[in-house]
Amino acid sequence: MRTFVITSDKYLSALRPFAYLFNKYWSDEQEVVVVGFAEPSFDLPSNFTFHSLGSMRNYPVGNWSDALIAFLNQVDDEVFCLMLEDYWISRPVNVEAVGMLHDYMMQFKNVLKMDLYSDRLYAGGMTDYNHCGYLDLIRSDPASQYHMSLMCGLWRRDLLLRFLIPGESPWQVELEGTPRVAKAANDVLVLGTRNMPLRHILAHRRGDPGELLLDGLSTADVEALRKLEYI
């Protein structure tokens, strides 16, 4: 299973802290593909590769979904982890649990997304669904918000392409994509766990790359990033 990290020219500076914390808390053997436009001017770790979709001018923010659709049509991964560049991991990842959930999705092909964070856990109306080994699975209520939340999770490529449409910003994908998923609730599942195998912060929650929100990172990690001059 590969991890895809979506970025843009505006947020390239977030990749160095992302990569540092990813390799510290997940693994420097986990394959990561950064999907963006202009290549960064700095080196990424050896387990990271950069995939350019061309000029960012062709994909303004209102056509963010077009870029994701284009990329997904260039790969054949059945299930993958999707993250954004400012999802900086803050604690050790339960790699075994992520692997178990990946295997679950390979078996049950009606699962669109498996939330790895807390997004589904705190969604309104969620219910216990099943278990995967020692992991307790929960299901989103079809009436709840953000089925298409872009918070860190595992996604099934063919189902994601089914619900993506051109001409949407990331916020529209989340908000307007959710009713599309809800209409298919009889045969498509959005699941999560009570165990949260991966935890991360949103370093640029307000959309400003010059303003960092580091609550949730340890003091040691903040000091290390500053020493490396990554922030």
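Observations on the structure shown:
- Among the candidates Val75, Val95, Val61, residue that is touching a residue at least 24 places away in the same chain (Cβ under 8 Å) and either touching a Lys or Arg at 6+ places or on another chain (Cβ under 6 Å) or farther than 16 Å from Leu154 by Cβ (or both): Val61
- Applying a threshold of 7 Å to beta carbon distances and a minimum spacing of six or more residues, or different chains, the list of pairs starting in segment 25-43 at a residue that is in contact (Cβ under 8 Å) with a residue 24 or more places away in the chain and surrounded by fewer than 16 Cβ atoms within 10 Å (Cβ to Cβ) and ending at one that is among the β-branched types (Val, Ile, Thr) and in a loop (DSSP other than H, G, I, E, B) is empty.
- Checking each residue in segment 49-72 for being more than 17 Å from Asp9 (Cβ to Cβ) and surrounded by 14 or more Cβ atoms within 10 Å (Cβ to Cβ) picks out Ser65, Ile69, Leu72.
- When Val79, Val75 are checked against the criterion of being surrounded by 16 or more Cβ atoms within 10 Å (Cβ to Cβ) and either in contact with a Ser or Thr (Cβ under 9 Å, 6 or more places away or on another chain) or among the β-branched types (Val, Ile, Thr) (or both), Val79 stands alone in meeting it.
- Taking the criterion of being over 19 Å from Asn63 (Cβ atoms) and of a type in the set (Lys, Arg), the only residue of segment 163-183 that qualifies is Lys183.
- Asp119 meets all of the listed conditions (1) in a helix (DSSP H, G or I); (2) charged (D, E, K, R); (3) touching a residue at least 12 places away in the same chain (Cβ under 8 Å) but one, namely (1).
- The listed residue being modelled with pLDDT of 95 or more and either surrounded by fewer than 14 Cβ atoms within 10 Å (Cβ to Cβ) or aliphatic (A, V, I, L, M) (or both), out of Leu212, Leu175, Leu164: Leu164
- Of the residues making up segment 133-161, those that are of a type in the set (A, V, I, L, M, F, W, C) and surrounded by 15 or more Cβ atoms within 10 Å (Cβ to Cβ) are Leu135, Leu137, Ile138, Met148, Leu150, Met151, Cys152, Leu154, Trp155, Leu159, Leu160.
- Residue match in segment 9-30 (condition: in a loop (DSSP other than H, G, I, E, B), aliphatic (A, V, I, L, M) and on the phi < 0 side of the Ramachandran plot): no
- Of the residues making up segment 175-231, just one is closer than 30 Å to Leu137 by Cα, touching a residue at least 40 places away in the same chain (Cβ under 8 Å) and among the acidic types (Asp, Glu), namely Asp187.
The values are calculated or read from the model by the stated rules, or taken from the named source; none is laboratory data. Treat the numbers as computed from the prediction; the structure is a model and nothing was measured. With ideal geometry, Cβ positions are generated from the backbone for all residues, glycine too; neighbour counts draw on all protein chains shown.
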